[in-house]
Every structure is written in C-alpha cells, then in structure tokens.
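Bear in mind these aren't lab numbers, they're just calculated from the coordinates by the rules spelled out. No experiment lies behind these values; they were computed from the predicted model shown. Here the Cβ positions follow ideal geometry from the backbone for every residue, glycine too, while neighbour counts run over all protein chains shown.
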C-alpha cells in the first residue's frame, strides 16, 4: 500500500502525530456506544477529512471497506444485539428490538467516526517516515522498528512472484480445478520465498553494521512541530467534545460493565 | 568504534580458520590460513562447497553467534576480530532483491552510515559521493523497487562504499544479472576501487569478467585449506588454455569455474533435419499486463528438431513472447496457432470460445502434454514435498496409472541424475539440481514443445554444460516421440552457439 | 544479567550449545525481520478472514448463540506461529500484535480495537510459552498456546463486543473460541511451521535445525 500524495495541509504532518491523532479520536469514542457521540464526532471530523486533500476518487476507494463493513455490522447488531424496549421481530435467536436498533445505529456511526479519520490519516503516511518517527520521537528500539519495516516491505514486493507462481501452475497441468487448494499452495510457496528473502535481507542489514553496538544516528530527522501539535489537539478536541455532548444530552452508555 | 573519517585499507588475516554451521555435520570451511595485504585485490575461487561464501561472511562478521555454528582458529580484519569489526568490511551479496533495505535510493545508501553513527551532516555528502562512485545517476527519492537488477547491485555497492570500509567483499555480485548489468557492475567496482584504494575480495565463477581488476587469485580446496595462491597468471595460466594452463586451472574448470581458455564441453550439432512447425505466430503483439504492449508485431515459428533462440535487450519482451507462445499469456494482438498435429484432441478451458489451435484457450491438462514451460526461477515451479512427488505431479494430473507414473518418474530420475535426491524436499536442492528437477518435471508429461526461460541463468560451467547437453538431447529426440521443438529465451550467446540455435531477435 | 551458563536442552534434544540464557533469548536481526514477515503474512490471512467469516458465522449464529466463536481460529494463528518459529520471549506477543496493527491500519470494521484484541490474544499464547520456559515447542504446547490465545480472545470479545450477553452466550462463546484456537491456531500453526522447516527456509532458526541435520 503505497502512500497517496495528499495535497492538503495534513499530508505533510509527522506520521507519529497522525497516528496519535487517530488514536486520540478513537480511544475515547470507544468508551461509549451511543449514536449521539458518534454523530457529533463525524460532523466534527469533516474539516479534518477535507484537510487531508485527497481527491474524491482516492477517498472513496480507500474508505470503501468501511462503507461496506459499517452497515454489515449494524445489521448484525440489529438482529442479534441485546434486546431492550419493544420487540419488533422474533425468530429463533433473532430478536429485533427498539434497543437493538438503537445499538445498530450507534455502531454504524461509530465505525465511520473511528474508521474514516484513521484511513484518511494513514493513507498519506510513508512507512519509512513512520519508522523514523517511532524510533526518534516515541523512542521505540531502532532494531525493532527498522527490522520490522524491512520485513514488512519484503512481502509487499512479491507481486511479480505471485503472477509467476500462478502461470507455473497452469503450465504444470494443475490449474483446471481445485482453486482454493491451489491458492493455498501458492500462498505457502510465497511464504517460503518471503522468509528466504527476509533472512537474506537480515544478513544484508547486518553486513551494513545494523545492530552493531554503539549509538545510531538518523539521516532523516523526525520532529514534532506546532502543526503536529495542533493536529493532536484537534484529535483530542473532536473526541472530548463528542463525549461531552453525549454526556450532556444523557445518551452516554459505557461499554464496559454492562 | 565507528569511524567518521575515511577508513584506511585494511588487511585480512586468517589463521587456521574454520566454520561449521549448526545444521551440517561437515565443516563448511577448514584450516584456512592466508594474509591479504591492505589494498590488494583478490579473486576467490573454488568448487562449490569449498566454503567461499562462508569465508566472506566470516570476514564481514555476519555468520552469527554460537547458536548458529562453531568457529575454530582466528580471523582478523584490520587487526580486530572479524565478528567485532562491523563497519570495517562491507559485503555485497548475490541477489539484488534481497539487498534493498529501504524504499528510497538515498535512504538505502544512507543506512550503513546511520548504523555506524556518522553525523547527519556528513551522511548525505557521503551518499552523493557513493552514488557518483558507482555511476548511479538517479534522484535520491527514486523507489528502489523500480531499479533494474544491475542498478540494484550498484545501489548495494554504493551503500557499502558510503560506510568507507577498509575491505570490500563481493559475493557473486553479477551472477543474477544480464550481460549489460554485469558490465555496469564491474565498471562501477573498478571505479570505486580506484577512488578508495580499499582491499577487494571477489567471488565469481565468471572469471574473465574480473581478471582485469584483480592482482591475486586464491583457490580454496573443498576439503579444507588453500589449494592455490598467486597471481592470475601463476594460478590460471595466461588464458591460452589447453596444455599451457597449470593443473589447478584444469581442476577448477572441472569444478565449474569458467576459466578463460578452457571452455566447457558442448554437444555435437543437430542430427536430424528440421521438422514441422509446431507453433506459429502471426502478427503477434505481446503484453505482460493487458494494455501495455512490449513487443510486436512478430512472425515466428517454433519447429521440431530445432532450437529457437529468442534474444533481445533487457525488457524487450523476450520472456513475454516466450510465455505467450507457451499459451500462458494471452496475445495482445495477432494470434498464436498450433499445428494440427499438436492441437489434435486438445480440450478447451471452461467458458472459452477460443479457436482450437490457440494454446491460450486450452485447458491446463491439455497444455501439459503439448507445451512444457520451464521458468527462470526454479522455486516458482516447486509443487510437492519430495523430488519424486514433484516429478509425479504431471503424470498424476493426467490420471495415469500408478505403475506408469512410477516408471516415468524412475526413468527421469536416472536420466537427469536426480536418483539420490529422490526423497529430499525440492527446496533444499542446490541451484543446479533445482534446475534439472524443473526440466525433468516438465518432461514427465512428455510435451512436444519445450519453452525454456533463461535456462543457464547464473549457473557455473558444469551445470551449464549439463543443461546444454540435456537441451540438445531434447532437440535431437530422446525417445520414440522423436525430436522436440525447443524455444530458449536467453541472453547467453554461448548457449545459442552450443545448440546451433536459430536466432530470433525481439526489438522494441 | 542471568548468571546461568548451563545450556537448557530443549525436550527434543537438539544440540543448543553451552550458550547463556540471556544470549539465547536475545532477538537477532533475522528474528525481527522474519517475525515481521510472519506478521504481514498473517495479517493478510486476517484481512481475508474478516470478509470470509461473515458467511459461515451468519449461518451458525441462529443455531446456538456464541457458536460463532468457532471461527475465531484464523485470527489467532499469528501469535502461535511466531512463537513456534522464532522461539524467543515476546515472539508470540510481537507477531500477533503487529499483525493486528497492520489489519487495523488497512481498515476493518473494528478499527483500533483490533490492536487491543491482538495484544490480548498474543499475550494468551505468550503466557503458555512462558509457562514452559520457552523451552518446549512440541505439538501439545502449540495446541495449548492456541487454546490460550483462544481463551484470551473469548474473554476480550465478551467484554468489548458483547457487553450484556447472558451466561449461555458467554459460556458457549468462550468455549468455542478456545477450541477454535487450539485446533486452527495451535495445530494449524504447528503444521505450517513444520512445512516451512522441511523446505529449509528456517535454517537460521532452531525450528529448522531440528528437522534437518544433513551431512
């Protein structure tokens, strides 16, 4: 998943700030399951989504999974959620009630409220810059951050190999039937290739003195600027405002302890 | 300790050094004693299994700790123990794809400097110098995945040079490259060595590529120890070959090294006259991804009893043409037609209204017995858990009786000398053995046409000669079915000459 | 620092040499890189299963509430597989967490809570491996680790996703996630690790060294 080039003010923010903002939006919202907080959050997020500067096509394409998943989970909750209030439909274990419909609405809005900013923020994040930020700002161990980055890249570069694997199976006479089994076999072969390549990459990294004792310097400095601080504040503001409104209106329903 | 100024050329000294991997009983290297002076340029040779790569990795200090193997003797770089001298030796490995560490060119080159603690201001000037030294003129934010093989190897070399090591180690850096890439890398190394004066140790079995650059040749013996050590002339002879070359040179040639002046054996010219054209392409344009035409329109025939050599520059579409002829990729324009005898009784794929003589429209099983394809990377074609089962995949897919399957498998195990590996996992075979295995597996279904993509890619002289002999045997007909039609995609002119192939050049 | 220098032989009797524990438990670069490769591969499985599980689960849910826990196995496989291959402290936790982070980043209906699930599930497997002092890696331990991850998953889901569910649902759900973890994650991961070791891809790991001792 290569980063899109957003053109808005958000695109150039430090990836750690983007990660932090997404978490600041998500975590408080997760504490409650009511439609009001999710709706308020969604409305407040619109300027954020616009500030990312994605084209319409990029936006809809990348958030597509959310637009599918949100209604799907809402329907599931509507049918099987904890019943309360008037019951409309009842069949076997399906129980559609006033309470479950309300929960479904809340779930739909909440999935969007948490997911949309997360997707939009991460779409413009370059993995190398994120690794730099995590190691320099959050101070995660450099060996792990860079090793993980290198390992993750490895699998992503195997698209050509996948194509070759499927052509090879056609040539060997086994491509006529058994699609699932063939896909599993190809996935295994790709896994072997990825591990082999990852092991060789680890040797190459060690050959460039990676993991050697002594302090490491950073060619690409990663710092938090005022713009990043503003982004974090905006994220926190969105979720706290949403929660405050929900509490004020009386719709706040905590997730834990039910 | 990291050096922030240029590291002077380093000496390498081994005293009775040996290494055994934890997974093996036998020692990979044993009793190696040598001293390489600072600034010397050494070519390290030896039969496969003589531990050359292990020695290089030992000098680079990447062999791992006590849980990965055991060491005997001592190995020193610039006076320090090799395992503790990170940064004094830089290593470039064989596979271009396993050495690109970061996604952007500049970042990848800067990686080594970062690890050594070089101050930031100095890193980027070193990056620029290193890229200039290897002649890689690309912007710093170019994605590394967009580089060609030769460029990737030069990038790895730049990453090593930016560390300013005292010793530069190259482990078969050009084995996986086409001739243009080989020349690029060799020239880049020459320039870089002239600029830095660092010590150089190269492993490569294509000797004449590196002879102009080196002033010393060391040969390792398979059982342990150093077999020969001296100037290129002393060890290999003057390149005139024949009886004038020393015994060592002949031993090396027998072990698979491409010794200048001692060429490998080539098979005799074709016995039969060329037969019918089994595949014909009319006005064919080919594309890897639909819409992106790489070559064409072309008219070409693949005839029985003959080897068609498909040649062309890198990226010109040779492989794409080969795969389209083999019925694996759809033609972007024009058509591929199989002869009547080849297309007889071929069953179509489901839901396809293609003409019966177009191989792309055939079912996988029909393709299996008519056109066999051997891919460039053997690991893409491994399907089973033992060599025997691998050979049996094709016959079993045809629904043959078990006795017939066993008979074919045993015959191929003998013919291609894989019998002692019959129960081994295919992934654990050596490169040359994997290649023979994939050729054998394709032959098990007895196709009449064989398409081979770079069959001699990265092979030493012995495997090269074996494969060329096998292909010649197919061309001349090994059993009652008679001569096969062979199409070989290759950039190796030696193969074409050895097989008396008809050249077909694909130009953009 | 551990003062013990006595080698801890694994139960299979593979010859780990006399290496101090602290060194044997330290992560090498290849451990980090390959653990990340495993995490990415499992994240791909997670993402596919996010979509794929809806069908079977919707079919089974009406029959017995909570039985959809039987389909939780594929999401638990990263931790057990990482632990079996890398065999160092934290491997199961690392692999499962990183896989769930990737799954969350790519986007799914559970959002950042996926990461919480990953942490808890990884911890479930990790604790089992810890119980055996990171020294036993045979099939029963793999199955137990899968069960541990399944149990953790069941409890986590019950608290976060099914608040207010009744006793029947809770019992059925947690039992089925545990069983699914044991079979799909535990046994499945063990089989995959063995298959990989047979190909020689794991030669730099203890898991590969058990299988092959070539001459």
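Per-structure values
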{"read-out": "Relative contact order, percent, chain A [alpha-carbon distance under 8 Å, six or more residues apart]", "value": "35"}
{"read-out": "Percent of beta bridges antiparallel (DSSP, the protein assembly as shown, rounded to nearest 5)", "value": "50"}
{"read-out": "Fewest-first ranking of A:203, A:253, using other Cβ atoms within 10 Å as the exposure measure", "value": "A:253, A:203"}
{"read-out": "FRET efficiency estimate (nearest 0.05) - Cβ-Cβ, residue A:31 to residue A:248, R0 25 angstrom", "value": "0.95"}
{"read-out": "Mean projected area in nm² (Cα convex hull; one quarter of hull surface) for segment A:1-152", "value": "11.0"}
{"read-out": "Peptide B:61-69, shielding by other chains (average Cβ, 10 Å cutoff)", "value": "6"}
{"read-out": "Förster radius 41 Å - calculated FRET efficiency between residue B:121 and residue A:50 (Cβ-Cβ, nearest 0.05)", "value": "0.60"}
{"read-out": "Average beta carbon contacts from partner chains per residue of B:380-391, 10 Å cutoff", "value": "4"}
{"read-out": "Two-site label geometry, residue B:180 and residue B:254: point separation in nm, points 7 Å out along Cα→Cβ", "value": "4.0"}
{"read-out": "q = 0.13, 0.21 Å⁻¹, segment B:118-269: log10 I(q)/I(0) [Debye, one scatterer per Cα]", "value": "-0.69, -1.31"}
{"read-out": "For the protein assembly as shown, Kirkwood radius (reciprocal of mean inverse C-alpha pair distance, Å)", "value": "30.8"}
{"read-out": "Space enclosed by the convex hull of the alpha-carbon atoms of segment A:171-258, per residue, Å³", "value": "343"}
{"read-out": "Euclidean distance between Cα centres, segment B:24-69 to segment B:89-162, Å", "value": "25"}
{"read-out": "Scaled radius of gyration (Cα, divided by 2.2 N^0.38 Å) that segment B:421-508 gives", "value": "1.13"}
{"read-out": "Prolate/oblate/rounded call for segment B:377-456, Cα gyration tensor, a/c under 1.5 rounded", "value": "oblate"}
{"read-out": "Ranked by how many other beta carbons lie within 10 Å on average, peptides C:184-195, A:110-121, C:72-83 from highest", "value": "C:72-83, A:110-121, C:184-195"}
{"read-out": "At 1.002 mPa s and 20 °C, Stokes D of chain A from Kirkwood alpha-carbon radius, µm² per second", "value": "98"}
{"read-out": "On Cα atoms only, tilt of B:179-196 relative to the major axis of chain B in degrees", "value": "0"}
{"read-out": "Averaged over A:216-225, number of beta-carbon atoms from partner chains that fall within 10 Å", "value": "5"}
{"read-out": "Kirkwood Rh and Cα Rg combined as Rg/Rh, segment A:86-168", "value": "1.28"}
{"read-out": "For chain B, the fraction of alpha-carbon pairs in successive 10 Å shells from zero, as %", "value": "4, 17, 25, 24, 18, 10, 3, 0"}
{"read-out": "Relative contact order, percent, segment A:137-258 [alpha-carbon distance under 8 Å, six or more residues apart]", "value": "31"}
{"read-out": "Cα centroid of segment B:398-420 to Cα centroid of segment B:165-244, whole Å", "value": "41"}
{"read-out": "Calculated [θ] (222 nm, deg cm²/dmol) that DSSP helices of n ≥ 4 give over chain B, each run adding -39,500 (n - 2.57)", "value": "-9500 deg cm²/dmol"}
{"read-out": "Å³ per residue enclosed by the Cα convex hull of chain C", "value": "124"}
{"read-out": "Helix B:461-476 axis, angle to chain B major axis (alpha carbon atoms, nearest 10°)", "value": "10"}
{"read-out": "Sorted peptide list for B:164-173, C:30-39, A:206-215, B:222-231, criterion being average Cβ within 10 angstrom, highest first", "value": "C:30-39, B:164-173, A:206-215, B:222-231"}
{"read-out": "log₁₀ of I(q)/I(0) at q = 0.17, 0.20, 0.23 Å⁻¹ - segment B:245-362, Debye sum with one point per alpha carbon", "value": "-0.87, -1.05, -1.25"}
{"read-out": "Estimated distance in nm for a label pair at residue A:166 and residue B:414, the labels positioned 7 Å out from Cα along Cα-to-Cβ", "value": "4.1"}
{"read-out": "Rounded tilt (10° steps) of C:188-198 against the dominant C-alpha axis of chain C", "value": "30"}
{"read-out": "Value at 222 nm in deg cm²/dmol, rounded to 500, when DSSP H runs of n ≥ 4 in chain C each add -39,500 (n - 2.57)", "value": "-19500 deg cm²/dmol"}
{"read-out": "Stokes-Einstein D for segment B:153-222, Kirkwood Rh over Cα pairs, 25 °C, 0.890 mPa s (µm²/s)", "value": "194"}
{"read-out": "Additional length obtainable on full extension of the chain from residue B:347 to residue B:81, 0.36 nm per residue less Cα span", "value": "89.2 nm"}
{"read-out": "Fluctuation leader among A:194, A:171, A:31 - chain A, Gaussian network, Cα springs under 10 angstrom", "value": "A:171"}
{"read-out": "Virtual spin-label span in nm between residue B:356 and residue B:289, 7 Å along Cα→Cβ", "value": "3.8"}
